[in-house]
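Asks: There's a structure below that I have some questions on.
The values are calculated or read from the model by the stated rules, or taken from the named source; none is laboratory data. Since the model is a prediction, treat every value here as computed from it, not as a measurement. When we count neighbours, we look across all protein chains shown, and the Cβ atoms used for this are built from the backbone with ideal geometry, even at glycine. In case anyone asks, the SASA skips ligands and DNA or RNA and just uses the protein heavy atoms, side chains included. Shrake-Rupley method; radii C 1.70, N 1.55, O 1.52, S 1.80 Å.
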Amino acid sequence: MRQPFVAGNIKMNLNRAETTALLSAVAGSLRQSASSVEVAYCPPAAHLDVARAALAGSAVRLGAQNAHWESKGAFTGEVSPAMLREAGCGLVILGHSERRTLFGETDADVLRKTRAVLEAGLDAVVCVGETEAERAAGATEVVLARQVVGSLGGLDIQDPRRLTVAYEPVWAIGTGNTATPEMAQAAHRVLRGELAKALGAHTAEGIRIQYGGSVKPDNAEALLAQPDIDGALVGGACLEASSFLAIIRAGEATARR
Ligand code: PGA
């Protein structure tokens, strides 16, 4: 049984005061009624300190949105996994489609980063997903297979809970166009099969596959009820405590089934 995992990707949003207010509200609510869902918030690197303070004493985990693969050196503008760990992070989002399309990250980069993050003792949330053109061309399965092999192939995963895969169809991110639960489930099923080929069947059964792309309170429960959808990576809807909490509660409802 995979524990549902809901993570908020704040992206490059909010100031320090807003970050504190948002995370304090979510952490406070979850302190009052403990959740069966694993929850994380990933603020910009410059806000990790205030986020850490706001989440202190709660079960909400702190994560980063990117990391470099080297541990130190002349890499201007980069942050190492060890630095993120020292800043209080327990996990890192890697290979988000915005990193891939806007900043030129390749599958090979994502693989190097994922390996470095896991070796530094942090968990990894690795994003994959096809573009609208790839889906229209019927290439979704081929693209997902290529991304799994390229971004995760050859990793030695001892504990599958430390690696999460986020299926984020690029056409659904920030657009309001969510994949239907059936479409998302089909892609998650493909991903689990590819993970089994790349990392072994036992590992693939234990890896959480989150869905991401316009997850909102009104579509979360139907998505999370799918057998291979083990959580959500939430962008826009994580910026409001009430909507993020509603998505977490949707995860709890499916976990009880
Ligand atoms: P969205 O973003 O929920 O705003 O679509 C999701 C993501 O990019 O992780």
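Asks: Calculate the FRET efficiency for A246 and K72 from the Cβ-Cβ distance with a Förster distance of 51 Å, rounded to the nearest 0.05. Let's see the in-between values first.
Replies: Numbers: r = 41 Å, r/R0 = 0.81.
Here the calculated transfer efficiency is 0.80.
Asks: For the range 1-142, what is the accessible area per residue in Å², given a 1.4 Å probe and the full set of protein chains? Don't skip to the end; give the middle numbers.
Replies: Numbers: 6640 Å² over 142 residues.
For the range 1-142, the per-residue accessible area is 47 Å².
Asks: Using 15 Å as the cut-off for backbone N distance, which residues of the range 39-65 belong to the label zone defined by a point 7 Å from the Cα of N15 along Cα→Cβ?
Replies: So the set is 47.
Asks: Let me ask something else about it. When the helices in the chain are scored as -39500 (n - 2.57) per DSSP H run of 4 or longer and the sum is shared across all residues, what 222 nm value do you end up with, to the nearest 500 deg cm²/dmol? Before the final figure, lay out the partial values.
Replies: On the way: 11 runs with 116 residues, N = 257.
Per the formula, -13500 deg cm²/dmol.
Asks: Taking the Cβ of V170 as the centre, find all other residues whose Cβ is under 14 Å away and add up their charges (Lys, Arg: +1; Asp, Glu: -1).
Replies: Within the 14 Å Cβ shell, the charges total -3.
Asks: Which shape class applies to the chain: rounded if a/c is under 1.5, otherwise prolate when a/b exceeds b/c and oblate if not, where a ≥ b ≥ c are the square roots of the Cα gyration tensor eigenvalues? Could you put the intermediate results ahead of the total?
Replies: Working: a/c = 1.44, a/b = 1.09, b/c = 1.32.
Rounded.
Asks: Can I ask one more? For the chain, what relative contact order do you get, as a whole percent, if you take Cα pairs closer than 8 Å and at least 6 residues apart?
Replies: 21
Asks: Check the straight Cα-Cα distances from K113 and name the lysines below 26 Å, setting aside those fewer than 8 residues away within the same chain.
Replies: Result set, ordered by chain and number: K11, K72, K197.
Asks: Tell me whether the range 14-112 comes out rounded, prolate or oblate; compute the Cα gyration tensor, take square roots of the eigenvalues as a ≥ b ≥ c, and use a/c under 1.5 as the rounded threshold.
Replies: prolate
Asks: Determine the sum of side-chain charges near A179: Lys and Arg each +1, Asp and Glu each -1, restricted to other residues whose C-beta is under 10 angstrom from that of A179.
Replies: -1
Asks: Quick check: from the Cα gyration tensor, does the range 129-257 come out rounded (a/c under 1.5), prolate or oblate?
Replies: On the way: a/c = 1.95, a/b = 1.28, b/c = 1.53.
Because a/c hits 1.5 or more and a/b fails to exceed b/c, the range 129-257 counts as oblate.
Asks: Could I ask something else about it? With contacts defined as alpha carbon pairs under 8 Å and 6 or more residues apart, what's the relative contact order of the range 24-131 in percent? Kindly include the intermediate steps, with their values, before the conclusion.
Replies: On the way: 158 pairs, mean separation 25.9, N = 108.
Computed over the range 24-131, the figure is 24 percent.
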